[in-house]
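In what follows, a structure is listed as structure tokens, so that the remarks can point back to it.
The values are calculated or read from the model by the stated rules, or taken from the named source; none is laboratory data. In this text, all values refer to a predicted model and were calculated from it rather than measured experimentally. Here the Cβ positions follow ideal geometry from the backbone for every residue, glycine too, while neighbour counts run over all protein chains shown. Just so you know, the surface numbers come from the protein's heavy atoms only, side chains and all, with ligands and any DNA or RNA stripped out. Shrake-Rupley method; radii C 1.70, N 1.55, O 1.52, S 1.80 Å.
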Number of protein chains: 2
Amino acid sequence: MSQSINIALIGATGNVGEALVELLEERDFPVKDLHLLASSESAGQSLSFRGRQVRVRSLEAFDFTQVQLAFFAAGAEVTRAYHETVLAAGCSLIDLSSALPLEQAPCVLPELGIEGLPALAKPWKVSAPTPSAVACALVLATLKPLLQPQQLQLTAMLSMSTLGRSGVQELARQTAELLNARPLEPKGVDRQVAFNVLAQVGAVDEQGHAELERRLAAEIRQLLGLPALSVAATCALVPVFFGDSLALSVQGDADIDITAVQQLLDGAQGIELVEAGDYPTAVGDAVGQDQVYVGRVRAGISDPRQLNLWIASDNVRKGAALNAVQIAELLIKHYL
Amino acid sequence: MSQSINIALIGATGNVGEALVELLEERDFPVKDLHLLASSESAGQSLSFRGRQVRVRSLEAFDFTQVQLAFFAAGAEVTRAYHETVLAAGCSLIDLSSALPLEQAPCVLPELGIEGLPALAKPWKVSAPTPSAVACALVLATLKPLLQPQQLQLTAMLSMSTLGRSGVQELARQTAELLNARPLEPKGVDRQVAFNVLAQVGAVDEQGHAELERRLAAEIRQLLGLPALSVAATCALVPVFFGDSLALSVQGDADIDITAVQQLLDGAQGIELVEAGDYPTAVGDAVGQDQVYVGRVRAGISDPRQLNLWIASDNVRKGAALNAVQIAELLIKHYL
């Protein structure tokens, strides 16, 4: 990481984009020039980086031969529309939008290093996993010496920032309307989310799974190197602004030693274990933090081969922006 | 149900107590005299029943020989303190507070009839199952012809009314404080619940399970007549006033025919199946309704022997008060 590189950040005005800019500065990332890009509607705004204001420019006209690495932090359509242009310009990319198939752009968990990854040819493209996959894979990878998972069950209670800034604004708007006893007209989501729980994120396919649920399952399997692992995922939206809450059950192939699980989690890189009896929450613990918080570590009520956990994680920071910057730090050491 | 009976309602001023009074009237329950009881602090209030105001009296001084049936809808401590007095007076009881062991007071799901119940001697005591157990057992009993469950995984996203009226008030208070940017001091719950998710309800035991989680598992096993069924339950509190959202996974012993599952659920007594692609929510569908709403019916992403469902249910009405009145209707036909 001795040499500084030029970076393009696509989707600079979104929640994750802003967090990326902050983290590139905070972590003293070797950026030479930072190019902030967005759709032409958002272009013209400015963000602060290393004490100066950087103007957000239009993505359409940008020449990617000027940069070595691009972060895609806008919507999946933007990645789909521009990733080939970026690669054709010789620029590598990290996709935070889950737009690219994992076979083409493998997902990376920085804590696991590059050992499990296929060799990357320049310019490379990799996927930053979805926030819940980051949290689950980090915990399960930590437990790998102890526990070969046979089956995962995940209920992900996702915050409204999963939908980007508009999701956060919609929760605030709906909550205020309801508290002021005004009639509610949902925008952006299809029904009341304030003081309610929505059972799915986006549309579902013919089998009833949301794209996010399938992606999450595929990412966890790839990150753990367990292509046959059975994963059941339900992703719901809860009336929370930031931070995800995950109820995770792991079926092992033998009785699980809960004390040993706690010892492995306690002090593992990127994980903060909350003491037994207490529990972490998204807002009270995880939001604004780099670690993933784990609590409620217990066996099944009647099944000693089962491990149940509660995970709270900042979906914007560790789940997305920090993880992507850590991916960049890892990969430019080896591949740039 | 030809003969009218005298009834005592303990905990008349709570959420569930008020719903019970409404339902006894709505369903034209054969009540002769209705005695509303509460702690001495709440005594003195009045509730409307059949067009007149009924005064809430103090539980301490009440003579239970005047009544044939008592509903316990106050806290578990109240049931523990008074149930023996009630039975000694020859009065049968339905406990809505989960205070009595299931071996002593079996739980009843009215839709299943009395066939699975042990014979009850007068005065009898039965438990009204916890709201999530009602919803899950109703769905699973409907699916019994098709599916022998081997294992259940339940993530219950419970509304704040689970904690009674104080829980509802605390969510309203915290939400208003936060929207007005005032400092938050949690009361009744131990941390911020507005715009957050709490990973457990009440304290946990040495194995890490909350009492509610163990109770729920035991109730589902008893109601389904499957004492060895493996049940994993995580009960969390979400910032919702009324209505529970349940993510339920059922592991079967053979591939599950999803179309047949939908056909069984569609039109089953007490169940409303939401069409594929759509999904039910607690607030948008279930609250105020007598049915349990089911949606997101699907197999596992990679496991055809797994069934995943989303259930939304009114925890105060079908989950507690209506179910208890239906229990009373069923049992007084046979046992009073």
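For region A:173-190, give me the residue count where each residue is touching a Leu at 6+ places or on another chain (Cβ under 8 Å) and either surrounded by 20 or more Cβ atoms within 10 Å (Cβ to Cβ) or within 14 Å of another protein chain (Cβ to nearest Cβ) (or both). Final tally of qualifying residues: 8. Restricting A:Leu109, A:Leu100 to residues that are closer than 21 Å to A:Leu163 by Cα and surrounded by 19 or more Cβ atoms within 10 Å (Cβ to Cβ) narrows the list to A:Leu100.
Given the criteria without any contact (Cβ under 8 Å) to a residue 60 or more places away in the chain and either closer than 30 Å to A:Glu275 by Cβ or assigned by TED's automatic domain parsing to the domain that holds B:Gln306 (or both), does B:Leu198 qualify? Can you show your working first?
On the way: without any contact (Cβ under 8 Å) to a residue 60 or more places away in the chain: yes; either closer than 30 Å to A:Glu275 by Cβ or assigned by TED's automatic domain parsing to the domain that holds B:Gln306 (or both): yes.
So B:Leu198 passes the test.
Annotation note: Cβ proximity below 6 Å between a residue of region A:246-269 that is more than 23 Å from B:Thr155 (Cα to Cα) and a residue that is among the polar types (S, T, N, Q) and part of a helix (DSSP H, G or I) (sequence gap 6+ or interchain) occurs for A:Leu264/A:Thr142; A:Ala268/A:Thr142. Here A:Ala276 passes the criteria (1) open to solvent by 10 Å² or more (accessible area, probe 1.4 Å); (2) in contact with a Ser or Thr (Cβ under 9 Å, 6 or more places away or on another chain); (3) modelled with pLDDT under 95 except the one numbered (2).
This table checks each residue for (1) without any contact (Cβ under 8 Å) to a residue 24 or more places away in the chain; (2) of a type outside the set (Lys, Arg).
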position	(1), (2)
B:Pro129	no, yes
B:Leu138	no, yes
B:Leu143	no, yes
B:Thr155	no, yes
B:Leu163	no, yes
B:Gln192	yes, yes
B:Glu206	yes, yes
B:Arg221	yes, no
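Looking at the structure I just gave you, is A:Ile220 out of contact with any His (no Cβ under 7 Å at 6 or more places or on another chain), β-branched (Val, Ile, Thr) and over 30 Å from A:Leu9 (Cα atoms)? Full working, then the answer.
Working: out of contact with any His (no Cβ under 7 Å at 6 or more places or on another chain): yes; β-branched (Val, Ile, Thr): yes; over 30 Å from A:Leu9 (Cα atoms): no.
No; evaluated as a whole, the condition is false for this residue.
A:Val126 meets each of the listed conditions (1) surrounded by fewer than 20 Cβ atoms within 10 Å (Cβ to Cβ); (2) closer than 29 Å to A:Thr85 by Cα apart from (1).
Of all residues in region B:145-166, none satisfies being open to solvent by 20 Å² or more (accessible area, probe 1.4 Å), among the hydrophobic types (A, V, I, L, M, F, W, C) and within 11 Å of another protein chain (Cβ to nearest Cβ).
Considering the conditions (1) in the same structural domain as B:Leu154 (by TED's automatic domain parsing); (2) buried (at least 23 other Cβ atoms within 10 Å of the Cβ), B:Gln289 is excluded by exactly one of them, (2).
Looking only at residues that are of a type in the set (Gly, Ala, Ser) and not in a helix (DSSP H, G or I) in region B:281-336, which one is farthest from the chain's Cα centre (by Cα)? Step through it out loud before you land on a result.
Taking region B:281-336 and keeping what is of a type in the set (Gly, Ala, Ser), we get B:282, B:284, B:286, B:288, B:295, B:299-300, B:302, B:312-313, B:319-321, B:324, B:328.
Next cut, not in a helix (DSSP H, G or I) only: B:288, B:295, B:299-300, B:302, B:312-313.
On the way: B:Gly288: 14, B:Gly295: 20, B:Ala299: 27, B:Gly300: 28, B:Ser302: 33, B:Ala312: 13, B:Ser313: 9 Å.
That would be B:Ser302.
Just to verify a result, which residue in region B:200-228, among those that are over 17 Å from A:Asn308 (Cα atoms) and assigned to a loop (DSSP other than H, G, I, E, B), is nearest to the other protein chains (Cβ to nearest Cβ)? The qualifying residue nearest to the other protein chains (Cβ to nearest Cβ) is B:Ala228.
Every residue in region B:25-40 that is open to solvent by 60 Å² or more (accessible area, probe 1.4 Å), at negative phi and without any contact (Cβ under 8 Å) to a residue 60 or more places away in the chain, please.
Within region B:25-40, B:Glu25, B:Glu26, B:Lys32, B:Asp33, B:Ser40 qualify.
Which one is farthest from A:Ala133 (Cα to Cα) among residues in region A:292-308 that are more than 9 Å from chain B (Cβ to nearest Cβ) and surrounded by fewer than 24 Cβ atoms within 10 Å (Cβ to Cβ)? That would be A:Pro304.
Among the residues of region A:229-260, those identified as at the interface with chain B (Cβ under 10 Å from one of its Cβ atoms), touching a Lys or Arg at 6+ places or on another chain (Cβ under 8 Å) and either among the hydroxyl-bearing types (Ser, Thr, Tyr) or open to solvent by 30 Å² or more (accessible area, probe 1.4 Å) (or both) are A:Thr234, A:Ile258. A Cβ distance below 8 Å, combined with a sequence gap of six or more or placement on separate chains, defines the contacts here; from region B:81-99, residues that are without any contact (Cβ under 8 Å) to a residue 40 or more places away in the chain reach residues that are open to solvent by 30 Å² or more (accessible area, probe 1.4 Å) and of a type in the set (D, E, K, R) in the pairs B:Leu87/B:Lys125; B:Ala89/B:Asp63; B:Gly90/B:Lys122; B:Leu93/B:Lys125; B:Asp95/B:Lys125; B:Ala99/B:Glu77; B:Ala99/B:Arg80. Taking region B:41-93 as the region of interest, the strands (runs of 3 or more DSSP E) fully inside it that hold 2 or more residues being open to solvent by 70 Å² or more (accessible area, probe 1.4 Å) are B:52-55.
I'd like to check something: does region B:131-139 contain any residue that is open to solvent by 30 Å² or more (accessible area, probe 1.4 Å), polar (S, T, N, Q) and under 20 Å from B:Cys235 (Cα atoms)?
Initial filter on region B:131-139 (open to solvent by 30 Å² or more (accessible area, probe 1.4 Å)): B:131.
Cutting the leftovers down to polar (S, T, N, Q) gives us none.
No - not one qualifying residue is present in region B:131-139.
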